[in-house]
Amino acid sequence: MGATDADSMKKKEMVHSPILTYFSVITLLSTCPPFVILLWYTMVHLDGSLLNTFNYLMEHGVEGFVNIWPKPTAIAWKIIACYGLFEAALQLWLPGKRVEGPISPTGNRPVYKANGVAAYVVTLITYISLWWFGIFNPTVVYDHLGEIYSALIFGSFVFCIFLYIKGHVAPSSTDSGSSGNIIFDFYWGMELYPRIGKNFDIKVFTNCRFGMMSWAVLAVTYCIKQYERDGKVADSMAVSTLLMLVYITKFFWWEAGYWNTMDIAHDRAGFYICWGCLVWVPSIYTSPGMYLVNHPVNLGAQLAISILIAGILCIYINYDCDRQRQEFRRTNGKSLVWGKAPSKIVASYTTTKGETKTSLLLTSGWWGLSRHFHYVPEIMAAFFWTVPALFDNFLPYFYFVFLTILLFDRAKRDDDRCRSKYGKYWKTYCNKVPYRIIPGIY
């Protein structure tokens with residue numbers, strides 16, 4: 001993709017005013033790294049209380065914040081390196097089915113090896129076995145968590161610089177280009193499908209094998225830390241962890257479908273996606289469990305089981321939404337949706353090479369309720385694996401609030417992109433499915 005096409009794409013991504021977009025990008029680049037450290041320090045050292053953090057910063061100011069920022073240590077780098085190399089090896093060497101991704105804007109079709117479930121199972125079995133047989137104690141990870149996050153913040157920032165340079169000098173495909181704005185190129189990314197060599201897909205590694213896998217590893221870590229300290233795992237921690245692991249299991253089971261989503265098929269490899277998956281996911285997404293380590297709650301059997309069932313139901317509905325659309329696409333619109341022939345719109349669009357292609361837009365089943373209904377159960381699932389912390393502090397709910405904002409913004413970006421891509425067909429689709437996320441409301 002040339003600079004003109006890339007610039008056009010960046011303008012389409014400005015779903016807000018240019019000034020607001022610039023302000024948002026600069027704000028996120030400058031505030032996300034220190035927020036990760038503040039969240040960790042508040043959870044681990046200030047009783048999870050925002051008020052305690054506010055009072056500390058008011059008393060000690062910027063110098064106080066600098067003092068609590070842990071320096072990356074050798075053990076932190078060692079843990080990250082061992083984990084990263086292990087996951088990279090699994091991604092490359094474990095067998096998996098050949099899967100083709102969606103056709104890109106320039107007409108390319110990426111090819112993947114679907115071995116996420118195998119990598120997930122091997123990772124958890126290996127990690128738990130290392131603890132069980134006394135080879136490595138995961139409490140070391142928790143005890144050095146601040147140093148690990150600090151190392152990830154700086155290391156991932158350097159990695160994003162590498163991606164920016166690579167996009168300029170050695171792009172992996174024609175799905176690459178500059179917007180002409182160095183800040184946007186760094187933040188949004190240069191390449192859609194960057195690879196090292198022929199087979200190592202960088203976004204699969206950052207998003208799936210490092211980011212999502214670390215979520216599961218840290219969830220288990222928090223459980224083990226509580227067990228080793230207290231001699232038991234509280235039912236609140238057990239419910240929260242089980243729901244997270246069910247969700248992550250669902251993710252890897254459906255990983256090939258994830259490669260058709262905005263994260264992979266539209267958002268380029270830059271700070272937004274890659275730094276987010278390398279740093280934000282291991283810190284923010286795991287934060288409910290991080291909080292529960294030092295704040296165990298006795299829910300009681302009835303409440304614990306009720307939360308667990310409600311959370312699993314939400315995760316299942318989220319999975320079934322994605323499965324329904326994936327099956328609809330796989331069968332070229334010939335699958336049954338809720339026992340009936342699907343309602344659909346045949347939409348044509350033009351690639352950047354001038355080729356005319358068609359897509360099928362599903363307008364029945366879950367996808368007839370709203371255009372992004374699958375976000376509703378995903379948000380509710382996040383609530384259910386957070387609510388075991390109850391309501392003594394707000395901070396455990398930050399991920400839930402963040403996810404809600406993220407998905408509502410993503411729905412708007414996706415709608416704007418599809419409106420530009422499909423034109424009159426998208427208007428017809430919106431008339432048939434008028435609600436964006438919440439049926440009858442929004």
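The values are calculated or read from the model by the stated rules, or taken from the named source; none is laboratory data. The structure displayed is predicted, hence computed values, not measured ones. Note that we place each Cβ from the backbone using ideal geometry, even for glycine, and neighbour counts take in every protein chain shown. Surface accessibility is based on the protein's heavy atoms, side chains included, excluding ligands, DNA and RNA. Shrake-Rupley method; radii C 1.70, N 1.55, O 1.52, S 1.80 Å.
Descriptive notes on the structure:
- Which listed residue is at pLDDT 95 or above and in a helix (DSSP H, G or I), from Ile183, Ile153: Ile153
- Here Pro138 does not qualify as farther than 20 Å from Trp253 by Cβ, in contact (Cβ under 8 Å) with a residue 12 or more places away in the chain and open to solvent by 50 Å² or more (accessible area, probe 1.4 Å).
- Screening Ile248 against (1) hydrophobic (A, V, I, L, M, F, W, C); (2) open to solvent by less than 10 Å² (accessible area, probe 1.4 Å); (3) more than 15 Å from the chain's Cα centre (by Cα) leaves a single unmet condition, (3).
- Spans of helices (runs of 4 or more DSSP H) in segment 256-354 with at least 1 residues modelled with pLDDT of 90 or more and among the small types (Gly, Ala, Ser): 287-294, 301-330
- Looking only at segment 218-240, and only at residues there that are of a type in the set (Val, Ile, Thr) and buried (at least 23 other Cβ atoms within 10 Å of the Cβ), the one that is nearest to Phe384 (Cα to Cα): Val239
- Set Tyr187, Tyr258: member being more than 15 Å from the chain's Cα centre (by Cα), of a type in the set (Ser, Thr, Tyr) and either open to solvent by 10 Å² or more (accessible area, probe 1.4 Å) or farther than 30 Å from His295 by Cα (or both): Tyr187
- Positions within segment 232-255 being assigned to a helix (DSSP H, G or I) and of a type in the set (Gly, Ala, Ser), in sequence order: Ser236, Ala238, Ser240
- Being farther than 21 Å from Ile317 by Cβ, touching a helix residue (DSSP H, G or I) at 6+ places or on another chain (Cβ under 9 Å) and of a type outside the set (A, V, I, L, M, F, W, C) holds for only one residue in Ser335, Ser359, Ser343, and it is Ser359.
- Criterion violated by His168 - all others in (1) surrounded by fewer than 21 Cβ atoms within 10 Å (Cβ to Cβ); (2) in a loop (DSSP other than H, G, I, E, B) satisfied: (2)
- Hits in segment 123-150 (condition: in a helix (DSSP H, G or I) and farther than 24 Å from Trp280 by Cβ): Ile125, Thr126, Ile128, Ser129, Leu130, Trp131, Trp132
- Residue within segment 393-400 that is touching a Pro at 6+ places or on another chain (Cβ under 6 Å) and on the phi < 0 side of the Ramachandran plot present: yes
- Among the residues making up segment 286-316, those that are open to solvent by 40 Å² or more (accessible area, probe 1.4 Å) and under 24 Å from Glu255 (Cα atoms) are Leu308, Ile309, Ile312, Leu313, Tyr316.
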